[in-house]
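The structure appears right after this line, and notes come after that.
The values are calculated or read from the model by the stated rules, or taken from the named source; none is laboratory data. Since we're looking at a predicted model, the values are computed, not measured. Every residue, glycine as well, gets a Cβ built from its backbone with ideal geometry; the counts of neighbours run over all protein chains shown. To get the accessible areas, we keep the full protein, side chains included, count just its heavy atoms, and leave off ligands, DNA and RNA. Shrake-Rupley method; radii C 1.70, N 1.55, O 1.52, S 1.80 Å.
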Amino acid sequence: MSVSRDAAMNIAHVLTEALPYIQRFTGKTIVVKFGGNAMVDEALQNSFARDVVLMKTVGMNPVVVHGGGPQIGSLLEQLNIQSEFVDGMRVTDSQTMDVVEMVLGGAVNKQIVSLINHNGGQAIGITGKDGNLIKASKLSVSRKTPGMHATEIVDIGHVGEVESVNTEVIDMLTQSDFIPVIAPIGVDDKGNSYNINADLVAGKLAEVLNAEKLMLLTNVAGLQDKQGQVLTGLSTQQVDKLIADGTIYGGMLPKISCALDAVKSGVASAQIIDGRVAHALLLEIFTDSGIGTLISNQSAKNN
């Protein structure tokens, strides 16, 4: 099928703009947290998969970490298992943990693997338990109960945090031209399984893999100021001030904290991008303007 001269010129312009970014990121590791609308909308699922395949094809090493909260909640509801949350985290008893592993390590993980493979890639799905990839420990949560002066420790069950990561597992896959797709489940020294927040896992992986970028897909346009304008090109110092003055709060706070920790630990940049936009990854990586919020150790935006 032939294209018009204007269309051909537009394609040439796009490729020319993308070239310096392809050159810059060849051989670099980019950790992507896949979640939100992008996981449940079929068109967005396929655009995400094609983005990841293109990244791999031009020489980058994408590593995908995924969530699955809504899918877990749906199956728990079907099984008549009551969900309880403490500070936004799902209380995970042994029965709930079985469901978490079934959904994250099974259905959701394999769906993403299939999507990437269907779009021309070679993906392999693993959990943090495979090859002892993610060593976890139980997460302690404390809260102050109304009417009490002291805080109390709340047991939220099989919810964990990352203790360490066995990077050899991921290195083996990326060096063999495979795309790792990781479910955020860890295991402790006694073999106990833990459900870990996918943003935290993505951030920690970005740190230990010396990733060039950490990209967190969300259901919002990015970090916004108090007037609702998207902020970008932020330094770590600016983000600290935004947290201190209350601009960053609520559900965005743990996501931003994760991105901030990664950048402070050596990741070149972290991005909060809108997963509701088709080809959000390509727009952020390969264009001058980009989308969403970029955080780096430099004050100016620098893809």
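(1) in contact (Cβ under 8 Å) with a residue 24 or more places away in the chain; (2) open to solvent by less than 50 Å² (accessible area, probe 1.4 Å); (3) outside any strand (DSSP E or B); (4) more than 29 Å from SER140 (Cβ to Cβ): which one isn't true of ILE273, the others all being true?
Looking at each condition in turn, ILE273 falls short on (3).
Taking ILE170 as the residue in question, decide whether it is assigned to a helix (DSSP H, G or I) and at pLDDT 95 or above.
On the way: assigned to a helix (DSSP H, G or I): yes; at pLDDT 95 or above: yes.
Criteria met by ILE170.
Residue-wise test of (1) basic (Lys, Arg); (2) in contact with an Asp or Glu (Cβ under 8 Å, 6 or more places away or on another chain); (3) open to solvent by 50 Å² or more (accessible area, probe 1.4 Å).
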| site | (1), (2), (3) |
| --- | --- |
| GLY157 | no, yes, no |
| GLU168 | no, no, yes |
| MET172 | no, no, yes |
| ILE185 | no, yes, no |
| ASP189 | no, no, yes |
| TYR194 | no, yes, no |
| ASP199 | no, no, no |
| GLY228 | no, no, no |
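May I ask you to list the residues in the range 261-270 that are of a type in the set (Ser, Thr, Tyr) and open to solvent by 40 Å² or more (accessible area, probe 1.4 Å)?
SER265
Condition first: in a helix (DSSP H, G or I) and either on the phi < 0 side of the Ramachandran plot or modelled with pLDDT of 85 or more (or both). Can you find one or more residues in the range 224-235 that meet it?
no
How many residues, within the range 15-31, are surrounded by fewer than 16 Cβ atoms within 10 Å (Cβ to Cβ) and touching a Ser or Thr at 6+ places or on another chain (Cβ under 8 Å)?
Total meeting the criteria: 1.
Right, GLY250: touching a residue at least 12 places away in the same chain (Cβ under 8 Å) and either touching a strand residue (DSSP E or B) at 6+ places or on another chain (Cβ under 9 Å) or within 30 Å of VAL100 (Cα to Cα) (or both) or not?
no
Exactly one condition in (1) part of a helix (DSSP H, G or I); (2) open to solvent by less than 40 Å² (accessible area, probe 1.4 Å); (3) over 23 Å from ASP188 (Cα atoms); (4) of a type outside the set (S, T, N, Q) is false for LYS110; which is it?
LYS110 satisfies every listed condition except (2).
Is it the case that ILE243 is open to solvent by less than 10 Å² (accessible area, probe 1.4 Å), farther than 27 Å from THR26 by Cβ and at pLDDT below 90?
No: the conditions fail for ILE243.
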